[in-house]
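*Asks:* Have a look at the structure that comes next, please.
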Amino acid sequence: MFDTSVEPLPRGRHQLSREQVEEAQRVRIFLAMADAMAEHGYVGTSVAKVLAGAGVSRETFYQLFDGKLECFLAACDFVADALVRHLAASVGAGPIRQTSIDRFERTLTEYLDTLASAPALARLFLVEVHAAGPEAMSRRAALQHRLADAMAALLGARTDGDRFACQTVVAAMSAMVAGPLVAGDPDALRALGPPMLDHVRRLFEGTPRANSA
């Protein structure tokens, strides 16, 4: 799971800067928002519900954000950046001698494992974003482009056709994981990996379908 943990702020006098305190408060708010929306959805989540989960005051919240939408957009950016960094680190930690498909398989498996281990955070940018309006959907599209670019780099996709194939794979996976996330079914999430890997192999290697007769 990618690291989104935050240490509790110390009571009384401490050596933390104002920026460190604000960042810790922001992360607590993001995590509380994810948990609240996993239970109530975007529309049903009020700022009050987020504050209750985060343990921060209303005054603190409005010092950091103009309102629920701005907080939601910032939370989506926070999760997207954490996810991309985590996947990049996972690929970099793999064996030196790997084929492009091996690297993609490692990344795909880590992606699905990450969603399964942090479903509330995953729902922010994969499910609840649909209810948050056009700016939120634009942020989701930007993340998909980042993931498609990363996939293209992993697979050595250089032609326009190959890069478009990467975009369609990322878009398809983003749509397919939504159902298992809403259902709270981590096994169904992970089960998407083998058939998608098989599909990518056929796209980029011409490999026959693994289970074909």
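The values are calculated or read from the model by the stated rules, or taken from the named source; none is laboratory data. Because the structure is predicted, anything quoted here is derived from the model rather than measured. Note that each Cβ is placed from the backbone with ideal geometry, even for glycine, and that neighbours are counted across all protein chains shown. Quick note on the areas: whole protein, heavy atoms, side chains included, nothing else; ligands and nucleic acids left out. Shrake-Rupley method; radii C 1.70, N 1.55, O 1.52, S 1.80 Å.
*Asks:* Sorting check: for 114-120, 30-36, which peptide has the highest mean count of neighbouring beta carbons within 10 Å, and how do the rest follow? Intermediate results must be reported in sequence, preceding the final value.
*Replies:* Numbers: 114-120: 19.3, 30-36: 23.6.
Peptide ranking by packing, descending: 30-36, 114-120.
*Asks:* Still on this structure, I have one more. Projecting each Cα onto the charge dipole of the chain (Lys/Arg +1, Asp/Glu -1 at the beta carbon, about the Cα centre), which of LEU143, ILE29, LEU108 comes out farthest on the positive side?
*Replies:* So the residue furthest toward the plus end is LEU108.
*Asks:* Suppose all protein chains stay in the model; what accessible area per residue would a 1.4 Å probe give for the range 102-198, in Å²?
*Replies:* Working: 4290 Å² over 97 residues.
For the range 102-198, the solvent-accessible area averages 44 Å² per residue.
*Asks:* Could you list log10 I(q)/I(0) for the chain at q = 0.11 Å⁻¹, which the Debye formula gives when each Cα is one point scatterer?
*Replies:* The Debye formula, applied to the Cα set alone, gives -0.59.
*Asks:* What is the spread of the Cα atoms of the range 119-172 along each of their three principal axes, largest first, in whole Å?
*Replies:* 35, 23, 15
*Asks:* Shifting gears a bit: Per-residue HN-Hα couplings for the range 141-146, Karplus 6.51 cos²θ - 1.76 cosθ + 1.60 at θ = phi - 60°, whole Hz, x for Gly and Pro?
*Replies:* With coefficients 6.51, -1.76 and 1.60, one gets 4, 5, 5, 4, 5, 4 Hz.
*Asks:* Report the longest stretch of the chain that contains none of the trypsin sites (Lys or Arg not before Pro) sitting in a DSSP loop with at most 16 other Cβ atoms within 10 Å. Mind dumping the intermediate values first?
*Replies:* On the way: sites that count: ARG11, ARG13, ARG97, ARG158, ARG209.
Result, exposed sites excluded: 14-96.
*Asks:* Something else: If one puts a single equal scatterer on every Cα of the range 47-137 and applies the Debye formula without solvent, what log₁₀ I(q)/I(0) results at q = 0.12, 0.14, 0.20 Å⁻¹?
*Replies:* Log-scaled intensity ratios, in q order: -0.51, -0.64, -0.99.
*Asks:* Now for a different question. Could you work out what % of the accessible surface of the chain is carbon and sulfur, using a 1.4 angstrom probe and leaving DNA, RNA and ligands out of the count? Mind showing how you got there, number by number?
*Replies:* Working: 6010 of 11350 Å².
After summing per-atom areas, the C and S share lands at 53 percent.
*Asks:* Which one of PRO119, PHE72, SER90 has its Cα pushed farthest toward the positive end of the charge dipole of the range 65-153, where Lys and Arg give +1 and Asp and Glu give -1 at the Cβ?
*Replies:* After comparing all options, I get SER90.
*Asks:* Quick check: from the Cα gyration tensor, does the range 107-206 come out rounded (a/c under 1.5), prolate or oblate?
*Replies:* oblate
*Asks:* Okay, next question. Could you run the Karplus curve 6.51 cos²θ - 1.76 cosθ + 1.60 with θ = phi - 60° over the range 148-158 and give me ³J(HN,Hα) per residue in whole Hz, x for Gly and Pro?
*Replies:* Working through the residues one at a time gives 5, 5, 5, 5, 4, 5, 4, 8, x, 6, 10 Hz.
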